[in-house]
Amino acid sequence: VDPTLDLYTEIQKLKKEKNAVILAHYYQEGEIQDIADYIGDSLGLSQQAAKTDADIIVFAGVHFMAETAKILSPEKKVLLPDIKAGCSLADSCPPHLFKKFKENYPDHLVITYVNCTAELKALSDIVCTSSNAVQIVESLPADQKIIFGPDRNLGAYVAKKTGRDLVLWNGACMVHEIFSREKITKLKERHPEAKILAHPECEEHILQLADYIGSTTGILKYATSSTAKEFIVATEAGILHQMEKDNPEKTFIPAPPNNTCACNDCPHMKRNTLEKLYLCLKNEMPEITLPADIIEKAVKPIERMLDISA
Ligand code: 13P
Ligand code: SF4
């Protein structure tokens with residue numbers, strides 16, 4: 001790409017020319033969030049993907065998110081700036097193994113967290129996100145037997161919140177399992193007034209410290225409406241961009257990881273760059289394509305989720 005090119009202006013131009021919309025997750029680089037038409041959590045992004053009248057959806061997020069957009073809007077062209085932007089949590093649940101696992105529980109309903117492959121969604125009864133997982137489980141009869149996958153931490157959190165006994169798949173997100181309870185506790189001693197905000201993909205010993213647990217949108221809203229001035233944030237660091245933008249007078253401290261070499265960035269989310277976004281819109285690739293039978297099967301559990309959370 002010509003280094004003198006103003007990528008921001010070029011992207012705006014291409015977007016208009018091609019009737020494209022840019023949907024970005026809060027874990028994207030700040031400059032990508034700033035050019036997006038919509039920024040949100042997984043639920044908000046899938047709702048936008050379902051209702052947009054654009055011809056092209058550029059999904060600034062990871063593969064499973066772009067797949068979800070394609071499943072909801074199969075007639076649209078869905079582009080992902082870097083096709084290798086995957087997800088360790090989605091990878092922790094290979095569909096062929098999950099299929100076998102599911103066979104052990106024939107009378108169970110399958111709820112899958114949206115952070116999974118399209119193939120896994122096709123094996124599910126209802127999809128959920130971190131913002132509606134509790135609501136979705138509670139919408140089912142109390143005696144309904146449930147398998148929950150792939151995230152064991154979100155699953156354990158939902159089981160605790162609802163008092164239900166969920167059969168959990170043993171998957172996790174590499175970013176949300178790096179936080180150190182000991183270091184967060186020490187940080188809190190130095191900032192006694194700070195509120196601790198955590199994503200439910202974190203381990204239980206981290207969630208126990210939290211003043212608020214929720215999705216990225218939930219975390220952002222909580223920080224904006226809170227009277228507190230300082231926050232310790234236990235989720236991917238990309239969310240800090242919007243938190244700081246919306247609340248310039250407040251201080252946001254990323255929760256410290258166990259290993260000093262580690263950081264709170266998701267390597268998959270951060271594969272996308274403004275330059276890749278420009279190129280993907282210009283060349284209309286990489287494009288997300290899915291077999292028609294997978295779309296047909298996977299759309300049902302996603303629509304069921306959207307209906308429950310409407
Ligand atoms: P939410 O934005 O839905 O909270 O999801 C977080 C996440 O880990 C996405 O990969
Ligand atoms: Fe997947 Fe975790 Fe990255 Fe989200 S933060 S995309 S769950 S690896």
* To do: In whole Hz, with x marking every Gly and Pro, tabulate ³J(HN,Hα) for region 290-301 from phi via Karplus 6.51 cos²θ - 1.76 cosθ + 1.60, θ = phi - 60°.
  => 9, x, 4, 5, 5, 4, 4, 6, 6, 5, 4, x
* To do: Would you pull out the residues with amide H under 5 Å of residue 168's amide H, same chain only if 5 or more places away, H placed 1.01 Å from N?
  => 148
* Tell me, what HN-Hα J-couplings in whole Hz come from the Karplus equation 6.51 cos²θ - 1.76 cosθ + 1.60 at θ = phi - 60° for each residue of region 107-124, using x for Gly and Pro? -> 9, 9, 8, 9, 10, 10, 5, 4, 6, 7, 6, 4, 4, 5, 4, 5, 9, 10
* Simple Cβ-charge dipole of region 120-187, Lys/Arg +1 and Asp/Glu -1, about Cα centre, in debye nearest 20 -> 260 debye
* Any chance you could run the full-extension gain for residue 292 through residue 221? It's 0.36 nm times the residue separation minus the Cα-Cα distance, nm to one decimal. => 21.8 nm
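Using only the Cα atoms of region 181-254, build the gyration tensor, take square roots of its eigenvalues as a ≥ b ≥ c, and label the shape rounded, prolate or oblate: rounded if a/c is under 1.5, else prolate if a/b is larger than b/c, else oblate.
Working: a/c = 1.78, a/b = 1.23, b/c = 1.45.
It is oblate, given that a/c is not under 1.5 and a/b is not larger than b/c.
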* Asked: Lys/Arg Cβ at +1, Asp/Glu Cβ at -1, dipole of region 50-192 taken about the Cα centre: which of 85, 172, 142 is farthest positive-ward?
  -> 172
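Starting from 0.36 nm per residue, how many nanometres of slack lie between residue 174 and residue 284 once their C-alpha separation is accounted for? Let's see the in-between values first.
Details: separation 110, 0.36 × 110 = 39.60 nm, distance 3.05 nm.
Length difference between fully extended and current span is 36.6 nm.
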* Which one of 118, 66, 159 has the biggest mean-square fluctuation once the chain is modelled by GNM with Cα springs under 10 Å? -> 159
* **Restricting region 1-66 to trypsin sites (Lys or Arg not before Pro) in coil, as DSSP defines it, with at most 12 other Cβ within 10 Å** => none
* Structure fact -> Scoring region 181-254 by relative contact order with C-alpha pairs under 8 Å, at least six apart, yields a percentage of 30 percent
* List the chymotrypsin sites (Phe, Trp or Tyr not before Pro) in region 91-126 that DSSP assigns to loop (not H, G, I, E or B) and whose Cβ has at most 15 other Cβ atoms within 10 Å. Which are they? -> none
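Could you give the length gained by full extension between residue 96 and residue 303, i.e. 0.36 nm per residue of separation minus their alpha carbon distance, to one decimal place?
72.2 nm
Name the GluC sites (Glu not before Pro) in region 1-107 that are in a loop by DSSP and that have at most 12 other C-beta atoms within 10 Å, would you? Please report the intermediate quantities before stating the final value.
Details: sites: 10, 17, 29, 31, 67, 75, 103; in loops: 29, 75.
Passing sites in region 1-107 are 75.
For region 43-83, rounded, prolate or oblate, judged on the Cα gyration tensor with a ≥ b ≥ c (square roots of eigenvalues), a/c < 1.5 rounded, else prolate if a/b > b/c?
Oblate, because a/c is 1.5 or more while a/b does not exceed b/c.
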* Let me know the whole percent of all Cα-Cα pairs from the chain that are separated by more than 38 Å. => 13 percent
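What is the sum of charges, Lys and Arg at +1 and Asp and Glu at -1, for the other residues whose Cβ falls under 11 Å from the Cβ of residue 279? Could the numbers behind the result be given before it?
Details: positive: 276, 282; negative: 10, 82, 275, 284.
So the surrounding residues net to -2.
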* For the residues 191, 199, 268, what sequence is obtained by ranking on other C-beta atoms within 10 Å, fewest first? -> 191, 268, 199
* Asked: Taking H as built 1.01 Å from N, whose amide H comes closer than 5 Å to the amide H of residue 251, not counting residues under 5 places away?
  -> 230, 231
* Karplus couplings for region 244-249 from phi (6.51 cos²θ - 1.76 cosθ + 1.60, θ = phi - 60°), rounded to Hz, Gly and Pro as x? -> 6, 5, 6, 9, x, 8
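With a cut-off of 8 Å between alpha carbons and a minimum separation of six or more residues, what is the relative contact order of region 28-79 in percent? List each step's numbers first, then the result.
On the way: 43 pairs, mean separation 17.8, N = 52.
It rounds to 34 percent for region 28-79.
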* Structure fact -> Mean separation of Cα contacts under 8 Å (at least 6 apart) over the residue count of the chain, i.e. the relative contact order in percent, is 23 percent
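Coordinate-derived values only; no laboratory data. This is a predicted model, so every value here is computed, not measured. Note that each Cβ is placed from the backbone with ideal geometry, even for glycine, and that neighbours are counted across all protein chains shown.
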